[in-house]
1. Only residues that are free of Cβ contacts under 8 Å to residues at least 40 places away in the same chain and not in a loop (DSSP other than H, G, I, E, B): list them for segment 150-160, please.
2. Which pairs have Cβ atoms under 9 Å, sit 6 or more apart or on different chains, and link a residue in segment 38-58 that is outside any strand (DSSP E or B) to one that is of a type outside the set (Gly, Ala, Ser) and open to solvent by less than 10 Å² (accessible area, probe 1.4 Å)?
3. May I ask you to verify whether ARG180 is open to solvent by 20 Å² or more (accessible area, probe 1.4 Å) and not polar (S, T, N, Q)?
4. Which residues, counting only those in segment 75-129, are touching a residue at least 24 places away in the same chain (Cβ under 8 Å) and of a type in the set (Lys, Arg)?
5. Checking GLN133 against (1) modelled with pLDDT of 95 or more; (2) open to solvent by 40 Å² or more (accessible area, probe 1.4 Å); (3) of a type in the set (S, T, N, Q): exactly one of these is not met. Which one?
6. Give segment 193-241 a look and list any residue that's within 16 Å of MET260 (Cβ to Cβ), open to solvent by 40 Å² or more (accessible area, probe 1.4 Å) and outside any strand (DSSP E or B), or say none.
7. If you take the residues in segment 135-148 that are in contact (Cβ under 8 Å) with a residue 40 or more places away in the chain and within 19 Å of ASN225 (Cβ to Cβ), which one is nearest to the chain's Cα centre (by Cα)?
8. Could you list, in sequence order, all residues of segment 181-192 that are in contact (Cβ under 8 Å) with a residue 12 or more places away in the chain and not in a strand (DSSP E or B)?
Amino acid sequence: MSLKLKRDLRNPLLLPVPEHSWESRFIFNAAVVHDEKNDLFHMLYRAMGVDDVSRIGYAVSEDGIHFARLDKPVFSPSNDFETKGCEDPRITKIGDEYYMMYTAYSKKGVRVSMASTKNFITWKRYGVVLPEQDDKDAALFPEKVNGRYMLYHRIEPDMWVSFSDDLLHWTDHKVIMGPRKDSWDSLKIGIGAPPIKTSHGWLMLYHGVDQNMVYRLGFALFDSNDPTKLIKRSDEPILEPEEDFERFGQVPNVVFSDAMIRYKDEYLVYYGGADNCMALATIPVKEVEKEF
């Protein structure tokens, strides 16, 4: 694939708020979903403030560009696995509920955790769902595949898939994609947004990191009936750090996304720039389909 995302000219969309201690330093790596019934965009973003602990804030938009946000976080650390923060949310709607996979960070390491909501304000917590080892970058499929739930996640440096009957107990863990030598994704990779079902297969946004610790984005396509089977992936990145807000920040040279949605005739990719702010890049659906 040789596709390129187009940055929105209004970037960055969201910046830290100095007067809010919990989000005064950095805002980045947000999950975004579009509520078709109410035609609203819901964003859950990672924020860091004076105590360097990650919390999750909520913002809502009518156009996917201009977001109004609450002045307090909607999700904060609550157990021993989260003492250093709740990081990098990804949202998948299943039935009438939104499931958020996020990274719980503490001195124990990083663990995949899950919570669900119907209104983005009140949450049901399920805790750590993949407890065995350091694991992160998790995203649920929006539907069962062959009768089971599926979860993409990352045990460094590879991308994995796991299966479940109840969303809580995960088995049959398997590597599905790894880094490529001498490429833009040569050091490690991880899933970006929850995969999107297309007529050609499951389209997945992912990030790749090279030996210089530059974070870039790419596409991967997996088989419709067997999403453990990789069909195609980006030879070149679809987005890489170029703008100042992507090159300079808390972590330099980073574009990192937890959110891609199909809206009308475009894919909207919301991404964090240098772990400091939120931005948007887009690509026409037809342009992506031509590469399949």
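The values are calculated or read from the model by the stated rules, or taken from the named source; none is laboratory data. Values in this document were obtained by computation on a predicted structure and should not be read as measured data. Positions of Cβ are backbone-derived with ideal geometry, glycine not excepted, and every protein chain shown enters the neighbour counts. Quick note on the areas: whole protein, heavy atoms, side chains included, nothing else; ligands and nucleic acids left out. Shrake-Rupley method; radii C 1.70, N 1.55, O 1.52, S 1.80 Å.
1. Looking only at segment 150-160, we keep the residues that are free of Cβ contacts under 8 Å to residues at least 40 places away in the same chain, and these are 154-158, 160.
Hits for segment 150-160 are ARG154, ILE155, ASP158, TRP160.
2. Within 9 Å, the pairs are GLY49/GLU23; VAL53/GLU82; VAL53/CYS86.
3. Numbers: open to solvent by 20 Å² or more (accessible area, probe 1.4 Å): yes; not polar (S, T, N, Q): yes.
In short, yes.
4. LYS84, ARG90, LYS93, LYS107, LYS108, ARG111, ARG125
5. Going through the list (1) modelled with pLDDT of 95 or more; (2) open to solvent by 40 Å² or more (accessible area, probe 1.4 Å); (3) of a type in the set (S, T, N, Q), GLN133 breaks only (1).
6. Once the filter is applied, which keeps residues that are within 16 Å of MET260 (Cβ to Cβ), open to solvent by 40 Å² or more (accessible area, probe 1.4 Å) and outside any strand (DSSP E or B), segment 193-241 yields only HIS200.
7. First, the residues of segment 135-148 that are in contact (Cβ under 8 Å) with a residue 40 or more places away in the chain: 136-143, 145-146.
Subsequent filtering for residues that are within 19 Å of ASN225 (Cβ to Cβ) retains 140-143, 145-146.
Details: LEU140: 11, PHE141: 13, PRO142: 14, GLU143: 17, VAL145: 21, ASN146: 24 Å.
Only one residue fits best here, namely LEU140.
8. Of segment 181-192, the ones in contact (Cβ under 8 Å) with a residue 12 or more places away in the chain are 183-192.
SER183, TRP184, ASP185, SER186, LEU187, GLY192, listed by residue number.
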